[in-house]
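Working notes, beginning with the structure itself.
Nothing in this text is a laboratory measurement; each read-out follows from the coordinates by a stated rule. Not measured: the values here are computed from a predicted model. Because the Cβ atoms are built from the backbone with ideal geometry, glycine has one as well, and the counts that use them run over all protein chains shown.
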2 protein chains.
Amino acid sequence: MKHVDFWFEFGSTYSYLSAMRLDAVAGAHGVATTWKPFLLGPIFKSFGWETSPFEIYKQKGAYMWRDMERRAAKYGLPFQRLDKASGQIFPQNGVAAARLALAGLKSTWGKDFCRAVYHAEFAEGRDISGQELLFALARAAGADQNEIDAAFSDETKAALRAQTERAISLGLFGAPSFVAGDELFWGDDRLEDAVIFAKEMDPAAP
Amino acid sequence: MKHVDFWFEFGSTYSYLSAMRLDAVAGAHGVATTWKPFLLGPIFKSFGWETSPFEIYKQKGAYMWRDMERRAAKYGLPFQRLDKASGQIFPQNGVAAARLALAGLKSTWGKDFCRAVYHAEFAEGRDISGQELLFALARAAGADQNEIDAAFSDETKAALRAQTERAISLGLFGAPSFVAGDELFWGDDRLEDAVIFAKEMDPAAP
């Protein structure tokens, strides 16, 4: 079946839009999706950035929050700005969420868990770095304790590092990104283009 | 009449797409456009960038050229990558073109001149910094010699500096950008959103 890889980072605002939209859009076009959590931190560090570019370049940050409000409204998705002055956190640390996502995506509850994490973060403004919230979301999505434990095994930690290395080798520099065949698409605004590219791809292509 | 301001820089690849598309899209929605050339250089310098981010962050640059190929194809616009290995120039110096554009936009030939410059740069791969090419394009668009001379007056130079200062005060950080009322939209992918926002704006709004 034709398919597109969805590369996302839990700290990324625009990845929230794509996580909520992708499977509906892809399904409507008969395209399967593979979800690939990774970490932007190592990539940003290679650019000399110690935090999100939306923090470093204040104008880009101010624009992003307003743009996110408009895009979320357009898609009918709840959204709130993360307001550091009121104790909310941005960018958030998505490492634990990404480890759980990797475990969940090997099982049945991965996508529901990812969407629940994004909802907690960007619809409810919660801190998604803590295990209490994450474990509750994982259990609600269908995880059992063995799977939750497996998310924090050395094997899963290594798998997340390997997935981030793979992202770098593919030339990824931001999230969300989509890969269909040899084509890279960056940004929630390219979601439809990526799905349609996958749909129209020559079946003999990679 | 409802209208949108179009802020563009002649060195910007995505501004080429918007310059070629904007007036058709806006016209179809009954929205007028005001074209505002400005310089990204001073803004990029304030970010600590001495050249285009597509040069500084190589992965972003590689992606941009491929994305531009796809977007240009989607819109039926001719496009070629500027290949420095073959002596082509990127990013290009658009200062002289912006001065002529300011002069032309006060007259009748501004938009045709802007589109001709972008075509020379991104469809033909030519260097748009030189006066010989620019004067020929201005004349072909309808400029007379007095108008061309006026483009290099102290008054026009000051006007371009003032326009760039205005861009900074509006929070612009890239090109193309669109402003409708108090809303800023960044990127060719937001062109339609900006036009539709302008169309649906309360007539009593700013």
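Exposure proxy ranking for B:64, A:68, based on other Cβ atoms within 10 angstrom of each Cβ and starting from the fewest, stands as B:64, A:68. Evaluated at q = 0.18, 0.23 Å⁻¹, the base-10 log of the normalised Debye intensity for the stretch A:49-158, with identical point scatterers placed on the Cα atoms, takes the values -0.93, -1.19.
Computed from the C-beta positions of residue A:66 and residue A:115, the FRET efficiency with R₀ = 22 Å rounds to 0.40.
Take each residue of peptide A:57-69, count the partner chain Cβ atoms within 10 Å of its Cβ, and average: the result is 4.
A Cα-only calculation for the stretch B:118-206 places Rg and Dmax at 16.9, 46 Å.
Evaluating 6.51 cos²θ - 1.76 cosθ + 1.60 at θ = phi - 60° for every residue in the stretch B:34-42, the Karplus couplings come out as 10, 8, 10, x, 8, 10, 7, x, x Hz, glycine and proline recorded as x. Label-to-label distances for residue B:154 across copies, nearest first, come out at 7.4 nm, using points 7 Å from Cα in the beta-carbon direction. Screening chain B for whole DSSP H helices with an alpha carbon extent of at least 20 angstrom along the helix axis and a mean Kyte-Doolittle hydropathy of at least -1.0 yields B:13-28, B:154-169. Can you spot the lysines whose alpha carbon is less than 23 Å from residue B:84's alpha carbon? Ignore those fewer than 8 places along the same chain. The reachable lysines, counting only those whose Cα sits under 23 Å from residue B:84, are B:45, B:58, B:60.
The distance between label points at residue A:58 and residue A:84 comes to 1.1 nm (points 7 Å beyond Cα on the Cα→Cβ vector). In terms of other Cβ atoms within 10 Å, A:75, B:16 run from fewest to most in the order A:75, B:16. Per the Debye formula on identical point scatterers at the alpha carbon atoms of the stretch B:1-108, with no solvent, log10 I(q)/I(0) at q = 0.18 Å⁻¹ is -1.06. Just so you know, the Cα atoms of chain A work out to an Rg and Dmax of 16.4, 53 Å. GNM on chain B, C-alpha springs below 10 Å: top fluctuator among B:186, B:49, B:109? Largest GNM mean-square fluctuation: B:49. Placing dummy labels 7 Å off each Cα toward the beta-carbon, the span from residue A:108 to residue B:165 is 6.6 nm. The lysines within cross-link reach of residue B:106, meaning a Cα-to-Cα straight distance under 16 Å and a gap of 8 or more places when in the same chain, are B:36, B:157.
Distance from the A-onto-B rotation axis is smallest for the Cβ of the chain A residue given, in whole Å, as A:189, 2. Placing a label point 7 Å from Cα along the Cα-to-Cβ axis, residue B:83 is separated from the same position in the other copies by 5.4 nm, shortest listed first. For residue A:182, the distances from its label point to the matching points in the remaining copies are 5.0 nm, ordered from shortest, with each point set 7 Å beyond Cα toward Cβ. Computed on the protein assembly as shown, the Cα convex hull volume stands at 159 Å³ per residue.
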